[in-house]
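*Asks:* Below you'll find the structure I mean.
The values are calculated or read from the model by the stated rules, or taken from the named source; none is laboratory data. Because the structure is a prediction, the values reported are computed rather than measured. Quick reminder, even Gly has a Cβ in these numbers, built from the backbone with ideal geometry, and neighbours come from all protein chains shown. Surface areas here come from the heavy atoms of the whole protein model, side chains and all, with no ligands, DNA or RNA. Shrake-Rupley method; radii C 1.70, N 1.55, O 1.52, S 1.80 Å.
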Amino acid sequence: MHNKTALVTGASRGIGRAVAEALAGAGYRLYLTCRHSEKELTHLSHHLSETYHVATTPILADMGDIEAVNHVFSQINDLTLLVNNAGISHIGLLHEMTPEEWQAVMDVNLNALFYTCRLAIPLMLKRHAGRIINISSVWGNVGASMEVAYSASKGGVNAFTKALAKELAPSGIQVNAIACGVIDTEMNSAFSEEDLESLRAEIPADRIGQPSEVARLLLALAEAPDYLTGQIITLDGGWI
């Protein structure tokens, strides 16, 4: 497809950054968002433009804020691919979590999908084609102790993905999700080296995944047959 355009949320680092690089390499024109790291996002945008000769637009935006998402989409006239990657985690006992902390996780991890999809879908309907790929987690499949809010938000992402895929399949728009296992990103900085070592020991692949591997799978999904939709594809080294 010519003139491929993608929006990648949470693009300044980790999985989002790797995804942005992979898509730039595949010739996508990019809109990139992040919530706080404006310097990193601007630097990435320049790097991708110069390296891959694609147009990139960096936008500072909290994707859990509907007004911020409206502002992002006010700059987008055409969209081939939406990558909902922005996410936050919260580790702790549920009964010690504040309602504000719960709401923050839901806003960024789940509500943002509603905010972005409701604006992306009309752009895709115009061309009767498009892809929506949501970055989920294995904890959305099975749940994790001490990460109830995160697990609930990602379980919501999985159900949202399956339901929206059914709704949009007649319109030629595919919706899938990648349920990541342990990936080497800053989100895991809460874990000690000892914790990460015991995690590694549980993973049959005997290592932690790399953001570039998520990016490669996402690029494959973006180019996959149209008949592949409504799937939650687990990338976890055989762990769960």
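*Asks:* How many of the residues making up region 200-223 are part of a helix (DSSP H, G or I) and either under 22 Å from the mean Cα position of the chain (by Cα) or buried (at least 16 other Cβ atoms within 10 Å of the Cβ) (or both)?
*Replies:* Filtering region 200-223 down to residues part of a helix (DSSP H, G or I) leaves 200-202, 211-222.
Restricting the remaining residues to those that are either under 22 Å from the mean Cα position of the chain (by Cα) or buried (at least 16 other Cβ atoms within 10 Å of the Cβ) (or both) gives 211-222.
Residues flagged as part of a helix (DSSP H, G or I) and either under 22 Å from the mean Cα position of the chain (by Cα) or buried (at least 16 other Cβ atoms within 10 Å of the Cβ) (or both) within region 200-223 amount to 12.
*Asks:* Select from region 62-94 the residues that are in a loop (DSSP other than H, G, I, E, B) and farther than 25 Å from K4 by Cα and list them in ascending order.
*Replies:* G64, D65, I88, S89, H90, I91, G92, L93
*Asks:* State all residues of region 23-45 that are of a type in the set (A, V, I, L, M) and either open to solvent by 30 Å² or more (accessible area, probe 1.4 Å) or farther than 13 Å from L7 by Cα (or both); if no residue qualifies, say none.
*Replies:* Within region 23-45, A26, L41, L44 qualify.
*Asks:* Could you tell me which of the residues A179, A120, A205 is touching a helix residue (DSSP H, G or I) at 6+ places or on another chain (Cβ under 6 Å) and aliphatic (A, V, I, L, M)? It would help to see each step written out before you state the result.
*Replies:* Values: A120 fails: touching a helix residue (DSSP H, G or I) at 6+ places or on another chain (Cβ under 6 Å); A205 fails: touching a helix residue (DSSP H, G or I) at 6+ places or on another chain (Cβ under 6 Å).
Among A179, A120, A205, only A179 is touching a helix residue (DSSP H, G or I) at 6+ places or on another chain (Cβ under 6 Å) and aliphatic (A, V, I, L, M).
*Asks:* Now for a different question. Return the pairs, sorted by first residue and then second, in which the second residue is assigned to a loop (DSSP other than H, G, I, E, B) and crowded, with 18+ Cβ neighbours inside 10 Å, the first residue lies in region 215-240 and is free of Cβ contacts under 8 Å to residues at least 40 places away in the same chain, the beta carbons are less than 8 Å apart, and the residues are 6+ apart or on different chains.
*Replies:* Going by the 8 Å Cβ cut-off, there are no qualifying pairs.
*Asks:* For region 166-198, how many residues meet the condition of being outside any loop (DSSP other than H, G, I, E, B) and either surrounded by fewer than 16 Cβ atoms within 10 Å (Cβ to Cβ) or among the basic types (K, R) (or both)?
*Replies:* Final tally of qualifying residues: 15.
*Asks:* Next question, about the same structure. Being open to solvent by less than 70 Å² (accessible area, probe 1.4 Å), part of a helix (DSSP H, G or I) and at pLDDT 95 or above: is that true of I15 here?
*Replies:* yes
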